[in-house]
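Structure first, then comments.
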Amino acid sequence: RRVHGVGELLFESVGSPAWVPGLPAAPLPEELTRYLEFLVPVVLERMCREEALDTVSRAALVLKLMLSRVGPAILSHEANYEMFGVCCELILRRESMAQLANSDSDGEAGTPHMALESPIDHAILESDTIGELIEAAAKALGPAFAPLAERLLPLELEYTVPSRDAYARATHMGVMTTIIEACGQSIAAQAEALAPHYVSSLADSEEEVRRNAAFGLGLLCELFPEGMAPYFQQIMAGILVAMKMPAQDGGVMDNFVACVCRMMCAAPEMVPVADLVPFVVSELPLKADFGEVPTVYRCLLMLFASSNEAVFAQIPSLLAVFAHDLAAERLDDVTRRSLGELLAAMAHHPDIGPHIQGVLAGLDPAAAAVLRGVAAL
């Protein structure tokens with residue numbers, strides 16, 4: 001607690017420097033550098049050597065704070081980088097001192113036994129605490145996280161198998177996806193090898209797992225279209241099966257839609273666009289995961305720009321969706337401007353223009369006004 005408090009005071013006094021992911025890290029202010037040279041090894045040592053689960057968890061939270069505030073400089077020293085990997089491996093394997101000290105009487109690590117009266121249990125440490133820390137490190141290090149990814153992804157994968165509880169499966173699948181997104185091409189082969197597991201997770205009984213699997217597959221397709229091409233048919237089949245499962249969270253279907261959009265953007269020649277566009281449009285506007293709105297619009301604008309017949313056939317439905325999302329202010333400035341330019345171009349096109357004007361005339365006056373406004377018609 002004292003270390004955490006001192007860290008907060010220091011950040012308040014010297015500020016949090018701007019940083020970009022990757023190594024080498026930009027130089028830090030001298031006062032901050034001296035403090036971190038002392039603190040980071042201490043925190044890492046606490047994570048590995050302490051026997052109290054809450055102390056280990058608190059150390060991980062301090063390290064996550066430093067990574068978010070200072071970025072890759074926290075792990076730029078080779079010794080700290082290696083120690084971080086060791087700490088994460090030990091916790092994911094349930095072999096840290098705290099986990100062993102709090103195991104059952106037979107010595108089996110991972111069985112909650114609160115002899116040290118810690119408010120933190122194994123499940124919290126192994127999922128929330130370590131997962132959030134690994135995500136923070138991956139975001140800070142970017143492609144420089146790749147050597148750690150090679151060590152940690154197989155361990156993360158073990159937490160996403162069906163025998164694990166639903167919360168662990170969903171959490172660690174999200175962590176794997178964050179690692180893949182941060183590392184990109186530097187772990188292409190390893191990431192592509194995870195595709196079958198992501199596909200099978202589309203049929204998971206837990207909707208949050210299905211949601212995270214869909215997001216991860218979309219990202220894999222976006223980052224590695226050639227390597228993922230052999231899995232496109234399996235992904236589409238998996239999504240069709242998953243759509244028939246009960247879902248209370250609209251974000252599940254939103255992530256299915258975004259996954260399909262990423263596939264069409266990444267490799268339109270490898271997927272049946274004519275069949276997928278009607279599916280996408282039928283599920284718009286998005287219901288819950290509005291962070292995927294840019295993904296969907298990037299796909300639609302790409303299809304319009306390539307004169308795809310399937311998307312032009314959906315103009316009446318899409319204009320209503322566009323009006324809804326514009327009125328709800330779900331589009332960022334770039335997407336809004338691009339959409340306005342598209343609508344203006346179509347409205348003035350000698351062949352398409354009359355059709356656009358006819359659709360606008362049939363819309364609710366308020367919706368039509370929104371579209372005319374963004375297109376300056």
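The values are calculated or read from the model by the stated rules, or taken from the named source; none is laboratory data. Values in this document were obtained by computation on a predicted structure and should not be read as measured data. Cβ placement follows ideal geometry from the backbone for every residue including glycine, while neighbour counts extend to all protein chains displayed. Surface areas here come from the heavy atoms of the whole protein model, side chains and all, with no ligands, DNA or RNA. Shrake-Rupley method; radii C 1.70, N 1.55, O 1.52, S 1.80 Å.
State the Cα centre-to-centre distance between segment 248-281 and segment 307-337 in whole Å.
The distance from the Cα centre of segment 248-281 to that of segment 307-337 comes to 15 Å.
Anyone know which of THR178, THR160, THR33 comes out most mobile in the 10 Å Cα GNM of the chain?
Of the options given, THR33 has the highest mean-square fluctuation.
With every protein chain in place, what's the accessible area of SER307 (1.4 Å probe, Å², nearest 10)?
Estimated to the nearest 10 Å², SER307 gives 80 Å².
Mind ordering 21-27, 240-246 by average Cβ neighbours within 10 Å, highest first?
The most tightly packed comes first, giving 21-27, 240-246.
With viscosity set to 0.692 mPa s at 37 °C, what whole-number translational diffusion coefficient in µm²/s follows for segment 24-98 from Stokes-Einstein and a Kirkwood radius over Cα pairs?
260 µm²/s
In µm²/s, what is D for segment 227-365 at 37 °C and 0.692 mPa s, where D = kT/(6 pi eta Rh) by Stokes-Einstein and Rh is the Kirkwood radius from Cα pairs?
207 µm²/s
Sum -39500 (n - 2.57) across every DSSP H segment of at least 4 residues in the chain, then divide by the residue count to get the 222 nm mean residue ellipticity, nearest 500.
-21000 deg cm²/dmol
Among the lysines, select those whose C-alpha is under 25 Å from the C-alpha of LYS244, and discard any that sit fewer than 8 residues away in the same chain.
Reachable lysines: LYS287.
Taking only the alpha-carbon positions of the chain and ignoring solvent, what does the Debye formula give for the base-10 log of I(q)/I(0) at q = 0.07, 0.11, 0.12, 0.13 Å⁻¹?
Reported log10 I(q)/I(0), two decimals: -0.40, -0.87, -0.97, -1.06.
Given springs between every Cα pair under 10 Å in a Gaussian network model of the chain, which of GLU31, GLU132, GLU181 has the largest fluctuation?
Looking only at GLU31, GLU132, GLU181, the largest GNM fluctuation is found for GLU31.
On a 0 to 90 degree scale, rounded to 10, what angle separates helix 30-49 from the longest Cα axis of the chain?
80 degrees
Rank these by accessible area, largest first, 1.4 Å probe: HIS349, HIS197, HIS77, HIS172.
These residues rank, largest area first, as HIS77, HIS349, HIS197, HIS172.
In whole percent, and with a 1.4 Å probe on the protein chains, what portion of the accessible area of segment 276-377 is carbon and sulfur?
56 percent
Hey, can you find the accessible area per residue of the chain for me, probe 1.4 Å, expressed in square angstrom?
Accessible area per residue, the chain: 44 Å².
If you take the Cα Rg of segment 290-376 and divide it by 2.2 N^0.38 Å, with N the number of residues, what do you get?
Computed over Cα atoms of segment 290-376, the ratio equals 1.00.
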